[in-house]
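So the structure is just underneath, and the comments pick up after that.
The values are calculated or read from the model by the stated rules, or taken from the named source; none is laboratory data. All values reported here derive from a predicted model rather than from experimental measurement. Every residue, glycine as well, gets a Cβ built from its backbone with ideal geometry; the counts of neighbours run over all protein chains shown. When the accessible area is computed, the model is the full protein with side chains, heavy atoms only, and any ligands, DNA or RNA have been set aside. Shrake-Rupley method; radii C 1.70, N 1.55, O 1.52, S 1.80 Å.
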Amino acid sequence: MTVRRVHLPPGRVEGAIARLTPEARHYLRDVLRLAPGDEVELFDGGGGAFPARIGPDFETLSLGRRREASRPGVPIWLLFALSRGEKADLVVQKATELGVARLLPFAAERSVVRLEGARAQDRARRWRRIAEEAARQCRRDDVPEVRPPSALAAALGEVPGGFGRVVLHADGGGALAALDPPPAGGWAIVVGPEGGLGAGELSLCEAAGWVRVGLGPRTLRAETAAIVGVALVQARFGDLAGPVP
């Protein structure tokens, strides 16, 4: 039986009752065409989920016992350069499906798109909605944090100590498969825009201890490189490394 899932933030949960947002109400009533009394699963984006039943007024859900979700095998932070069109949307969607914990977009020298002020906040809100939808679809109970776009230096500075730090670059470097696990178990991945990071940006990363890593002989689009890089880290160190539970 297919489980119908809906996302609500923890602030909407009060004891055994959850208050539906207008978006969640529209999704359950108008998209899924459910009725009062139907069973759904609520996930709160913080790593937990509840069995739930739709209230008679489509305003609330009555909740069962909260289930704690298993965490991804390794925390992964993805720092990706801004790009035009729907390419960044694709990165956010697929990175969420692959278990990334935090997404940090940044403006690179060769980024065509520039987002500042209100536009940056609007785009971040859009990406958060995409991450929520991707988490719902892939049965992930937590939703990755999506930061507003920043400068590369600021994004690099957010990465905690003890994380493995890699920069994906077409000009090569070491192989990701040859890297040792970092002491804190987490990984941060930098992916530049179409055309790659500039020389100054690479120097900035490498001076801060980031290791350049290649992805083979083919030239990949920026959004493809981001997805492949995350998948390789998950396959070697994370929850793609073993059998499906």
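Assorted remarks:
- Sulfur and carbon atoms: percent of accessible area, segment 111-245 [1.4 Å]: 54 percent
- Within the chain, DSSP assigns beta bridges of which about 35% are antiparallel (rounded to the nearest 5).
- Applying 0.36 nm per residue to the separation of ALA184 and SER62 and subtracting their alpha-carbon distance, the gain on full extension is 40.0 nm.
- Over segment 129-245, Cα pairs under 8 Å with separation of 6+ residues give a relative contact order of 27 percent.
- Contour excess over end-to-end distance, with Cα ends at ARG110 and ARG53 and 0.36 nm allotted per residue: 15.6 nm
- With the simple model of a label 7 Å out from the Cα in the direction of the Cβ, ALA69 to ARG129 spans 2.0 nm.
- Accessible surface of LYS87 - all protein chains present, 1.4 Å probe, nearest 10 Å²: 60 Å²
- With a cut-off of 14 Å between beta carbons, the residues surrounding SER203 carry a summed charge of -3, where Lys and Arg count +1 and Asp and Glu -1.
- Seen from every direction in turn and averaged, the convex hull around the alpha carbons of segment 125-245 projects onto 8.6 nm².
- Note that the chain presents 50 Å² accessible area per residue, ligands and nucleic acids not counted, probe 1.4 Å.
- The chain - percent relative contact order, Cα under 8 Å, separation 6 or more: 20 percent
- Surface listing: VAL166, VAL31 arranged by accessible area from highest to lowest gives VAL31, VAL166, probe 1.4 Å.
- For segment 1-71, the carbon plus sulfur part of the accessible surface works out to 52%, probe radius 1.4 Å.
- For the chain, taking the reciprocal of the average inverse distance between every pair of different Cα atoms yields a Kirkwood hydrodynamic radius of 19.2 Å.
- With semi-axes defined as the square roots of five times the eigenvalues of the C-alpha gyration tensor, the equivalent ellipsoid of segment 155-211 measures 19, 14, 9 Å, largest first.
- Of the DSSP H helices in the chain, those whose Cα atoms cover at least 18 Å axially and whose Kyte score averages 0.5 or more: 222-237
- Against the compact-protein benchmark of 2.2 N^0.38 Å, the Cα-based radius of gyration of segment 39-183 scales to 1.23.
- If the segment from GLU145 to ARG19 were pulled out straight at 0.36 nm per residue, it would be longer than the present Cα-Cα gap by 43.1 nm.
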